[in-house]
Amino acid sequence: MSEHFGGRAGGDGGSRQRTRVRLIRQGIAWVVLALAALGACGSPADVTGIADLPEASTSSVVESIRRAGLPAVVNVWASWCGPCRSEAPLLAAAAGDFESSVSFIGLNVRDSQPDAKGFIAEFLATAPIDHVFDKDGSVVADLGGTTGVPLTFFMNPDGSVAKIHFGVIDERTLALEVDELLRAAG
Amino acid sequence: MEFTLLFAAAFAVGGGALALRWEAARGNAADCAGDLWEIFLTAAFAGLAFGRLAAMVGSGVNPLTSPGDILIIRGGVATGPAVVAALATMTILGRREMPAVADALAVAALAALGGWHFGCLARAACLGTPTDLPWAMTQPGSTVGRHPVELYAAGLYLIAAVALAQYRKQRPSPGMAGSLALLVAAAGRLVTEPLRPSLGGGPVWWYAVGIGAGVGGVVWARRARSSRA
């Protein structure tokens, strides 16, 4: 390999170095895998003060967006969804930043009330996000989404869907799509 | 899981590999005995892993209670810790000949960065702040023209990689090429950052630290040559 890439790792020294490199790489991989194998060992979050999520229908979600008269970010999540945890802090921060100009709605799907409340308590307790409960995922399907979570709808103030982002959302994508929504809304 | 990020990673590794081969063929490769490919891959792997852990901790997600999230790279990789981890790994692996290893990997590192940013085409994530410039690009369904900021960054890094490869033919002092690569890598991010959409509070100070470290390395390399002369 080194002949093709410029280094001159040969003889005993080269062999020792290759062994060291592999050991380090394997070490990093084992640390990551060991963390992944630990499983959820933390204590459950305190859900005191968090009300049951209201049942949602497609019309109730669209109507709430129209009533607010603001563009909306509708994030579809579930407590059993690992990637949803990953993006939750970003959505919480964005909801705070755009509280006066964009509505943030959390659409919990195919979940149970206790688990959903536990997730909110752990990751979204103080975020200005209105969470609703879509037990069978019918709202997501009606809006044009898929069964995979997370996904995020970017919606115009009239309740129409402007864009759907499938999968985990990152800061730049969220910032870009919110900017597009705000510009379209004038 | 956002699998399209893997395309960007493939572009990055491919860019680095091509640069290493190109440099080797030009007889402009290493004054070192290290296996550059192994060091390059291991440093990249370490940077990705530790950058991801740092991003999780920084956003309030505990890697011990949410261990599976470590693998969700799209959830964020902290640039600063990732670079520090990659540089630390490179230092450990090439500790007996650090300046030579850094120089030998400098062009490949810039080419890899160029490939990474060029990978935005596969992710549909090239666009930045709005502009009226003639080369502005729009999102599907939108009328807002935007800077293709990631393509700017890709072009900048690829041009810098070629320029640095040319410069290395002049046999600069040990450590100079590596320091220049660090300087360019950080400066490239710093100058393109205002064109990226952001929710505020980007890691700009990390880029300033990188520029400072690069300048420090350049000064050290010049002094080292002067003291030898």
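Every number here is computed from the coordinates shown, using simple stated rules; none is lab data. Note that this is a predicted model, so its numbers are computed, not measured. All Cβ positions, even for glycine, are placed from backbone atoms using ideal geometry, and neighbour counts span all protein chains on display.
Quick notes on this one:
- Zone of A:Val161's modelled label, taken as backbone nitrogen in segment B:120-158 under 18 Å from a point 7 Å along Cα→Cβ: B:140-142
- Residue-count net charge about A:Ser103 - beta-carbon cut-off 10 Å; Lys, Arg +1, Asp, Glu -1: -1
- Ordered by the number of other Cβ atoms lying within 10 Å of each residue's own Cβ, fewest first, B:Lys169, A:Lys117, A:Lys163, A:Lys135 fall into the sequence B:Lys169, A:Lys135, A:Lys163, A:Lys117.
- Estimated distance in nm for a label pair at B:Gln139 and A:Ser64, the labels positioned 7 Å out from Cα along Cα-to-Cβ: 2.3 nm
- Principal-axis tilt of helix B:149-168 within chain B, Cα atoms, nearest 10 degrees: 10 degrees
- Rounded to whole numbers, the Karplus 3J(HN,Hα) couplings from phi for segment B:209-218 are 4, x, 4, x, 5, x, 4, x, x, 4 Hz, using 6.51 cos²θ - 1.76 cosθ + 1.60 with θ = phi - 60°, and x at Gly and Pro.
- Total formal charge among the other residues, if their Cβ is under 10 angstrom from that of B:Cys126, Lys/Arg +1 and Asp/Glu -1: +1
- Mean-square fluctuations from a GNM of chain B, with a 10 angstrom spring cutoff on Cα atoms, peak among B:Trp22, B:Trp116, B:Trp135 at B:Trp135.
- Solvent-free Debye scattering, log10 I(q)/I(0), computed from the Cα coordinates of segment B:55-165 at q = 0.24 Å⁻¹: -1.20
- The distance between label points at A:Asp115 and B:Ile92 comes to 3.8 nm (points 7 Å beyond Cα on the Cα→Cβ vector).
- In terms of surrounding Cβ atoms within a 10 Å radius of their Cβ, B:Asp69, A:Asp46 rank from fewest to most as A:Asp46, B:Asp69.
- Sequence-distant residues sharing a close amide H with A:Phe104 (under 5 Å, placed H): A:Val73, A:Asp130
- Taking 13 Å as the straight-line reach from the Cα of A:Lys163, the aspartates and glutamates in range (excluding those fewer than 8 positions away in the same chain) are A:Glu177, A:Asp179, A:Glu180.
- Potential lengthening between B:Ala122 and B:Ser227 on full extension [0.36 nm per residue; Cα-Cα distance subtracted]: 32.9 nm
- Mean projection area, nm², convex hull over Cα of segment B:4-224: 13.3 nm²
- Sum of -39500 (n - 2.57) over DSSP H runs of 4+, divided by residues of chain B (222 nm, nearest 500): -22000 deg cm²/dmol
- Taking one quarter of the surface of the C-alpha convex hull of segment A:42-186 gives a mean projected area of 7.8 nm².
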